[in-house]
Structures are given as C-alpha cells and as structure tokens.
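First comes the structure, then the notes that go with it.
The values are calculated or read from the model by the stated rules, or taken from the named source; none is laboratory data. Everything numeric here is computed off the predicted structure, so don't read it as measured data. FYI the Cβ positions are ideal-geometry reconstructions off the backbone, even for glycines, and counts take in every protein chain you see.
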Amino acid sequence: MTGGEPGAVGPVGPVGPVEPAGPAGPESAGPEPVGPGSAGPGAADPGAPVVERRLHPFTPLRRAWVPIGAGIGVLGQQADRAQEWARDAGTGLGTLILVAVLVAASLYGFLSWRFTSYAVTDTELRIRTGLIFRRTAHIRLDRLQAVDVTRPLLARLTGVAKLKLDVIGTEEKDELAFLGERVAQDLRAELLARAAGFAPAEAARVGEAPGRALLRVPGGRLATSLLLSLGVWAALTGGLAGALIVWRASDNLIAGLALLLPMLGGAWAASGGRFLAEYDWTVEESPDGLRLDHGLLDRAHETVPPGRVQSVRIVEPLLWRRRDWVRVELAVAGSKNDVLVPVAARQEAYAVVARVLPGVDLTALAFAPSPRRGARWVVPVWWKGYGLAVSPQVFAARKGRLCRRTEIVPHAKVQSVRLTQGPWERARGVADVHVDTGADGTVTARLRPAPQAHALLAAQATRSRTGRATSRPDRWMT
Amino acid sequence: MGLPGRLLTLRRLLLVIWMTVLAVATAVLAGLLIGPAWAATGLVWGAVLVWGWWLLGRNWRSWRYAERADDLLISRGVLWHEQTVVPYGRMQLVEVTSGPLERRFALASVQLHTAAAATDAKIPGLAPAEAERLRDRLTELGEARSAGL
C-alpha cells in the first residue's frame with residue numbers, strides 16, 4: 001500500500017463520476033480516474049500517484065440484472081398467488097412494490113459498481129470490491145501466470161469484455177468484469193508487459209505486442225475431428241441401448257429417459273460444446289507468449305506465457321491416426337485452460353509445441369516399450385501402449401492403445417521423482433517411475449525393468465536439478 | 001538412516017490397545033448374544049495382533065532416508081515399495097509436526113512440500129532433535145539451491 005492518495009477508499013471518494021449517466025454507449029468506454037490530479041489511464045510515470053480506475057459503466061446493469069431476474073423468476077413461479085394477492089391489495093400497491101424493487105436493484109447495482117475499483121502499481125494489481133464487506137485483492141504481478149480477455153455473447157453485443165487473471169496458488173480466477181473492449185486489451189498488454197519485467201513507464205507504452213499467426217484450425221476440420229471421436233459415439237450408442245433395455249425391461253419410459261439424458265449431455269459437451277468453444281481456434285506468437293483466440297459465441301482470448309508450461313500432452317485418438325491428426329493439451333501452474341491445439345496435422349502441432357518447449361524436437365524422441373516378459377502379466381493387453389523416452393531436455397511417457405497419450409515434461413519442471421513397485425510388479429521384475437510437476441500433475445512411466453527404473457530415479461533427480469540451470473527465467477523479458 | 005525404535009514401540013502399543021479393545025468387545029457381544037462358548041471368537045483379534053506386530057516391525061525396518069549431496073532420498077515399504085527423491089532446490093516448505101501421543105514418546109515428523117501436490121515426502125517418528133536438525137539443514141540447503149516453479 002502506498003497509502004495517502006486521496007480517494008483511494010470508495011465511500012468517501014471526493015470527485016469521480018457522480019452519475020453513471022445510464023448505460024453509456026460503448027464508445028464512451030474508458031477507465032474513469034477517481035482521484036483528483038490523475039492524468040488518465042496512461043498515468044504510469046514513476047512518482048505519479050497510483051490511479052484507481054473503475055469498471056465500465058455497463059457493469060451495474062449486469063449486476064442489477066441478478067436481483068431483477070430473481071424477482072421476475074419468483075413472480076413467474078408464483079403467478080397465480082401473485083395475481084390473487086395483487087387483486088386483493090389493489091394494483092396501486094403492486095406497482096409501488098415493483099418500482100421499489102427496481103429502484104433497490106438499480107441502487108445496488110450502482111453502488112456495487114461505485115465501490116469497485118482497480119489500480120496497477122509497480123508491483124501489483126489491486127482490486128477493491130464489496131459493498132458491505134470490503135475485499136481488496138492484491139495480485140503480485142510477478143506471480144501472474146496469464147491474463148485472458150473473454151467476451152461472453154451478451155458482452156460482445158454491448159462491446160465490453162471480461163479480464164481473467166491467472167495467479168499461482170489461487171483456486172479461483174480473479175476477474176475484472178466488465179471493461180470496455182479497448183481498455184481490456186490495453187490493460188492486459190500493460191499487465192503482461194510489467195509481469196515480463198518491463199519498467200512501469202515503458203510497460204504502458206509497449207502496448208499490445210505484435211503477434212504472428214502460427215496456426216488456424218479450420219471449422220471443417222474441427223467438425224470432422226469431433227465426429228471421429230469414439231467416446232462420443234460410444235456414449236451415444238451406450239446411452240441409447242441402455243435406455244432401450246431399461247424401457248423394454250421396466251415398461252417405464254421415464255426411467256429410460258433418465259438414463260439417456262446424462263449420456264446425451266455428456267456427448268453434447270464432448271462434441272457440440274467443444275465445437276462452440278474451439279471454433280476458429282487461432283494460435284499467435286507474440287513476445288508475451290502464445291496467444292489463443294477461440295469460440296463461436298463466446299470469444300475467449302488466452303495467453304500462455306513461455307517458460308511456465310509444466311507439461312505438454314499429445315493426444316492421438318484411434319480414428320485420427322489415419323489422418324495423422326493430434327490434439328495438444330498443456331498444464332500451466334494455476335491455470336485451468338488446458339488446450340493448446342484442438343486438432344492439427346502432426347507437423348503443425350509439433351511446430352506449436354516447439355514454441356512452448358524451446359529446443360525440444362518431438363520427432364527425435366525414441367520410445368522404448370515395456371519389456372514383454374515382465375509387463376505382459378502385470379497389465380495384460382494394454383502393456384503394449386506403455387513407452388518411455390528421455391532426451392537431454394524432456395522426460396516423455398506414452399500410454400494407451402486406442403487413444404494414445406504422450407506426456408512430456410521438461411526436466412527443469414520436475415519437482416520430485418518417485419519409484420513404486422507393488423508385489424506383483426516385483427515378481428515380474430518391473431517398476432513404475434513417477435515424475436511430479438508443479439501443475440499438480442504426475443507423469444508416470446509404467447512397467448520399466450527394475451534396474452532401469454532405479455537408474456532412471458537417480459538420473460532423473462540429477463537432470464531435474466541441472467535442467468533448471470539452463471531453463472528460461474520466469475521474467476522472460478529481463 | 002532408519003527411524004528410532006520408539007516409533008515402533010508407539011505403533012505396537014497402539015496396535016495392542018486397539019486389538020484388546022476389539023477382542024473384549026467381540027467376546028462380550030458374542031458371549032451375551034449367542035452363547036458363552038462364542039466368547040472365544042474374540043481370540044481372532046489375537047491372530048490379527050500377531051500378524052500386525054510382525055507387519056509393523058517389517059515396515060519400520062524398511063524406512064530409510066538419506067541426505068545426499070543434492071537431494072533427499074526416502075525409501076519405504078516392503079510389499080509396496082516406494083522411493084522418493086526430492087532435489088533440495090525444489091523444496092517450498094519444511095514442516096515439523098508432533099501430535100500429543102508422539103510428544104509423549106518424544107517423536108516428531110518432518111514433512112517436505114514442493115510445488116507438486118503429489119510429492120509425498122514425510123519422515124515419521126524422528127527424535128525431536130534430529131527432526132529439528134533435519135529441518136534446519138534442509139532449509140539451508142533449499143535456500144542455497146533455490147529454484148522456483
């Protein structure tokens with residue numbers, strides 16, 4: 001806290017906009033400086049007072065919708081009783097109550113907007129919220145993993161956007177909702193520039209770093225790839241068959257439907273839902289990391305900072321293999337977005353992976369299978385899917401026969417190494433090696449020959465230690 | 001290094017107490033509800049006690065930890081064997097805990113935390129002096145070789 005700047009605490013803010021002037025058009029969007037003597041959004045000169053900024057004036061409208069919507073919902077549900085009651089009490093009183101609710105809701109919306117502000121200082125982003133219970137979130141910029149701009153459908157129509165902040169060690173994302181679209185872009189660029197280590201004065205000027213398109217997934221290919229997923233068809237046929245059997249057996253249509261609906265929901269989430277979310281997926285390279293843009297209705301904009309990727313997973317479903325398509329997922333500490341490329345030809349996907357894991361050549365990885373003698377009786381059929389490759393940069397383990405998954409961890413990201421061996425495995429002379437990463441993930445190389453596993457345990461500990469020395473710093477601009 | 005013998009004593013004492021309680025409860029219930037002769041079923045817990053006694057000893061003997069030049073190695077388990085290696089540079093936090101029973105037996109546990117939740121590096125039942133020495137030593141080494149995520 002720098003402290004002492006006037007108007008830092010909401011309720012007694014001296015100047016600032018007195019009236020939000022209704023839902024102002026998007027063109028008037030802008031962070032409104034609250035403190036006197038502030039020089040607008042760009043006031044990041046060293047020594048200048050920290051500027052508290054407000055959210056977009058559209059916000060109270062959204063906030064007010066909650067109580068209004070709830071009120072209407074209750075009325076709708078109790079329509080009969082409400083009508084009766086309104087007749088008894090006379091229409092005058094009813095209107096009065098409706099108006100009172102409306103006023104209270106708008107007041108609530110306005111106040112909660114008025115009491116929410118944010119400020120960017122040299123080291124942190126401060127967000128103050130709360131009407132009655134004040135809450136101030138201090139987000140350290142060097143702990144910032146990624147900043148995402150998302151535009152839900154309604155917000156897209158009104159020209160505003162939501163800023164989501166990924167911070168190490170927090171469960172839920174802090175968010176700034178809503179900001180003008182332009183403001184959100186600028187703030188995002190500024191935060192990332194500062195997190196990357198640019199001087200504060202420079203950070204505001206650097207602006208959105210220019211990007212270079214790496215990959216764009218055509219809608220047709222996305223649709224084809226989703227149609228070629230076995231899981232969806234299995235869920236559909238399984239659900240239908242199960243529902244039919246239950247219906248036949250019990251002569252109860254409801255029971256059948258009850259079985260079918262969750263299956264349909266799951267199938268929809270894995271196909272239609274994914275299509276909506278992953279439509280027009282573009283990957284752009286920029287100095288602040290890889291930028292992902294995607295979504296048909298809700299546009300999302302995400303950034304994957306380089307050097308913070310804990311592990312990468314290459315997924316090859318059975319039906320994609322003839323076309324040589326792959327899906328790339330990744331784990332970033334503190335972040336929930338996990339898809340890097342929803343579907344792409346292997347070469348294109350590997351080119352993108354090479355950006356997040358510099359110096360790693362995935363095609364050069366030679367996977368050694370598990371020993372036939374030992375593994376065959378521990379995991380009967382699926383043992384053939386297991387494989388392990390260790391290069392100077394990464395530890396890569398493969399598993400699965402129908403849907404092949406390859407997980408790749410840079411040695412620099414390994415937190416601890418474990419070796420486990422159950423009684424059955426010992427009898428067959430094999431052991432498992434687990435590698436734990438910071439994104440709460442564990443990559444397991446299963447069923448390695450026991451002597452090899454012990455050697456791997458020792459070697460991996462050494463590699464994870466030395467790998468660190470050669471990896472990129474977190475503040476990649478400094 | 002292995003673990004002090006007091007840990008084994010504590011665990012075996014707990015085993016004896018629990019088995020006795022269970023045996024008495026089983027014997028009384030069976031004796032009252034079915035017939036006096038059935039009270040002998042309580043002896044089943046005696047067999048469990050012998051088996052557990054042997055298991056505890058075996059497990060206790062299997063525990064090893066070693067402070068190596070750059071990492072800590074913990075090895076444990078007989079049937080389900082597990083070895084954990086944590087490089088000093090990756091330790092985020094070292095924790096020494098001691099419950100009421102452990103304190104009574106002059107024991108303390110050292111737990112290491114890294115950024116990975118799956119890291120399971122706990123050394124139970126050390127002598128308090130050794131636990132504190134280990135904590136200080138690990139913290140010191142961790143600082144010297146510190147690395148982030």
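Of A:Val352, A:Val443, A:Val435, A:Val409, all but one fail to be buried (at least 17 other Cβ atoms within 10 Å of the Cβ), part of a helix (DSSP H, G or I) and not small (Gly, Ala, Ser); the exception is A:Val352.
Scanning region A:289-306 for residues that are more than 9 Å from A:Thr150 (Cα to Cα) and not hydrophobic (A, V, I, L, M, F, W, C) returns A:Gly289, A:Arg291, A:Asp293, A:His294, A:Gly295, A:Thr303, A:Pro305, A:Pro306. With the requirement that a residue be within 9 Å of chain A (Cβ to nearest Cβ), of a type outside the set (Asp, Glu) and closer than 12 Å to A:Thr462 by Cα, what does region B:67-89 give you? Result: B:Arg68, B:Val85, B:Val86, B:Pro87, B:Tyr88, B:Gly89. Selection over region A:360-384 of residues that are without any contact (Cβ under 8 Å) to a residue 40 or more places away in the chain and touching a Pro at 6+ places or on another chain (Cβ under 9 Å) gives a count of 1. When you check B:Arg64 against the structure, is it away from every other protein chain (no Cβ under 12 Å), under 20 Å from B:Pro4 (Cα atoms) and in contact (Cβ under 8 Å) with a residue 40 or more places away in the chain, yes or no? For B:Arg64, the condition - away from every other protein chain (no Cβ under 12 Å), under 20 Å from B:Pro4 (Cα atoms) and in contact (Cβ under 8 Å) with a residue 40 or more places away in the chain - is met. Of the helices (runs of 4 or more DSSP H) lying entirely inside region B:32-149, those containing at least 1 residues that are farther than 18 Å from A:Val435 by Cα and more than 19 Å from the chain's Cα centre (by Cα) span B:44-62, B:128-144. Hey, among the residues in region A:238-286 that are of a type in the set (Asp, Glu) and touching a strand residue (DSSP E or B) at 6+ places or on another chain (Cβ under 7 Å), which one's surrounded by the most Cβ atoms within 10 Å (Cβ to Cβ)? In this case the residue turns out to be A:Glu278. Considering region A:107-122, the residues that are modelled with pLDDT of 80 or more and either in the same structural domain as A:Leu330 (by TED's automatic domain parsing) or part of a loop (DSSP other than H, G, I, E, B) (or both) include one that is nearest to A:His56 (Cα to Cα), namely A:Thr116. Take the conditions (1) modelled with pLDDT under 90; (2) surrounded by 19 or more Cβ atoms within 10 Å (Cβ to Cβ); (3) out of contact with any strand residue (DSSP E or B) (no Cβ under 7 Å at 6 or more places or on another chain); B:Gly99 misses just one of them, which is (2). Here A:Arg401 fulfils each of the conditions (1) at the interface with another protein chain (Cβ under 8 Å from one of its Cβ atoms); (2) charged (D, E, K, R); (3) assigned to a loop (DSSP other than H, G, I, E, B) apart from (1). So A:Trp377 ticks every box in (1) within 14 Å of another protein chain (Cβ to nearest Cβ); (2) touching a helix residue (DSSP H, G or I) at 6+ places or on another chain (Cβ under 9 Å) but one. Which box is left unticked? Exception for A:Trp377: condition (1).
Considering (1) part of a helix (DSSP H, G or I); (2) surrounded by fewer than 17 Cβ atoms within 10 Å (Cβ to Cβ); (3) not small (Gly, Ala, Ser), the lone condition that A:Arg323 does not fulfil carries the number (1).
Pairing each residue of region B:102-119 that is within 29 Å of B:Leu14 (Cα to Cα) with any residue that is among the aromatic types (Phe, Trp, Tyr) and surrounded by 16 or more Cβ atoms within 10 Å (Cβ to Cβ), provided the two are 6+ apart or on different chains, yields C-beta distances under 9 Å for B:Val110/B:Tyr65.
The single condition among (1) under 30 Å from A:Arg346 (Cβ atoms); (2) surrounded by 21 or more Cβ atoms within 10 Å (Cβ to Cβ) that A:Arg404 does not satisfy is (2).
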